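The values are calculated or read from the model by the stated rules, or taken from the named source; none is laboratory data. These numbers come from a predicted model, not from an experiment. Note that each Cβ is placed from the backbone with ideal geometry, even for glycine, and that neighbours are counted across all protein chains shown.
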Amino acid sequence: MINDKAILVGVDGSNASYKATWWAANYAKHAGLTLQIVCAYSLPSYAAVSFDATYTAMGDDNAAHSDAQEILSKAKAIADEQGVEAATLIVTGDPASVFVELSRNYNLIVIGNRGKGGLAERLLGTTSSSLPAYAYCPIVVVPYTDDDGNLMHLSNTIARVAVGSDESKWGLKALEIAASFAASWGAELDVISAAPQVRGTEGDNAVLDSFKEDLDTRVAPFKEQYPDLDIHTTIVSGSAADALTKASYDHDVVVVGSRGRGGFTGLLLGSTSQTLLQHSVGPVYVVPRKYVEAAESRLDTTPSSPADIEPKPLGDISGVKEVPVAPAEPKVVEEIEQAIDPKRQ
């Protein structure tokens, strides 16, 4: 089951999670990766102390397990429709801690967002337990709707990628991943860096010029590495989170690092993390701290990859089990896809 060529997507039966499955399957097909779908659930704590504890726990587990298999069946059908073979897993227990452990074994984890409660809230709800902050592999968070409840359309192809980058190692890794990601799609790349709020004075203009010069220096190696990649650079004045949220409106993916002091890479561990993850209208590709540190620990002697993280056998991760699922009815899948994206291609 350990496969650094695999993507893991989490589902909970919400349309937001099915939309994440669609994105993950589409990307897996494009990148030549395999897909594994996981459904997580936990039993109510009162089951062990109320009524007949054994009966209640057993009954709840059977029902929850059956529901999880049905959810996985629908998600797998979405992947099958795109020609992507998917394995299905069930996780019992606290999903936040289990997903962190699972992240050791995957190229990418994809989750949906802006559903009410469910998996997204448990994995993204607080800074202290946020999956993007503590995962060992990159995370893609796919929004279901915008702030007004309008469904967001996801294209089969990615044409424009934005990345928030500063001079920290987190910002540099985000830039590296964004360049590779954009090049793989033949997309254009917009590299955005934040500068202090300016008032238009000569001194402030000099600050902007200095930031622009630093940004051009960071980008230069990637222009050389990817000569066919169309790269643009922009310095924005003011809020990093606002700049990236705005970029999500006309870019197919926004890439950002998740650790740093200030700037773009710091925003995902502070209060502004919710600004980007909760208000973005497009997928947000998060490069976590542990992923960057693992690559750094190899002293650049080998290319950065999920193999830089020591994998953990699924048998050593409590509550994880691969399960077979029955095929979902085609009509059910069609109804789900119509609900998550009427404009789907």
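Looking only at region 40-60, decide whether some residue is surrounded by 19 or more Cβ atoms within 10 Å (Cβ to Cβ) and either at pLDDT below 85 or in contact with a strand residue (DSSP E or B) (Cβ under 6 Å, 6 or more places away or on another chain) (or both). Can you show your working first?
Keep residues of region 40-60 that are surrounded by 19 or more Cβ atoms within 10 Å (Cβ to Cβ), which gives 40-41.
If we keep only those that are either at pLDDT below 85 or in contact with a strand residue (DSSP E or B) (Cβ under 6 Å, 6 or more places away or on another chain) (or both) too, we end up with 40-41.
Yes, some residue in region 40-60 is surrounded by 19 or more Cβ atoms within 10 Å (Cβ to Cβ) and either at pLDDT below 85 or in contact with a strand residue (DSSP E or B) (Cβ under 6 Å, 6 or more places away or on another chain) (or both).
Could you list all residues from region 213-238 that are hydroxyl-bearing (Ser, Thr, Tyr) and closer than 17 Å to Glu167 by Cα?
Thr217, Thr233, Thr234, Ser237 - these are the residues of region 213-238 that are hydroxyl-bearing (Ser, Thr, Tyr) and closer than 17 Å to Glu167 by Cα.
Filter region 312-330 down to the residues that are part of a helix (DSSP H, G or I) and loosely packed, with under 12 Cβ neighbours inside 10 Å, then identify the one that is modelled with the lowest pLDDT.
Gly315
Can you name the number of the only condition in (1) in a helix (DSSP H, G or I); (2) modelled with pLDDT of 85 or more; (3) over 16 Å from the mean Cα position of the chain (by Cα) that Ala339 fails?
Answer for Ala339: the failing condition is (2).
Cβ contacts < 8 Å: first residue closer than 20 Å to Tyr285 by Cα and modelled with pLDDT under 85, restricted to region 1-25; second residue in a loop (DSSP other than H, G, I, E, B) and of a type in the set (A, V, I, L, M), any location; separation 6+ or different chain. Result?
Here the result reads Lys5/Leu33, each pair linking region 1-25 to a residue that is in a loop (DSSP other than H, G, I, E, B) and of a type in the set (A, V, I, L, M).
Restricting to region 143-184, and then to whatever is aromatic (Phe, Trp, Tyr) and under 15 Å from the mean Cα position of the chain (by Cα), can you tell me which residue is surrounded by the most Cβ atoms within 10 Å (Cβ to Cβ)?
Tyr144
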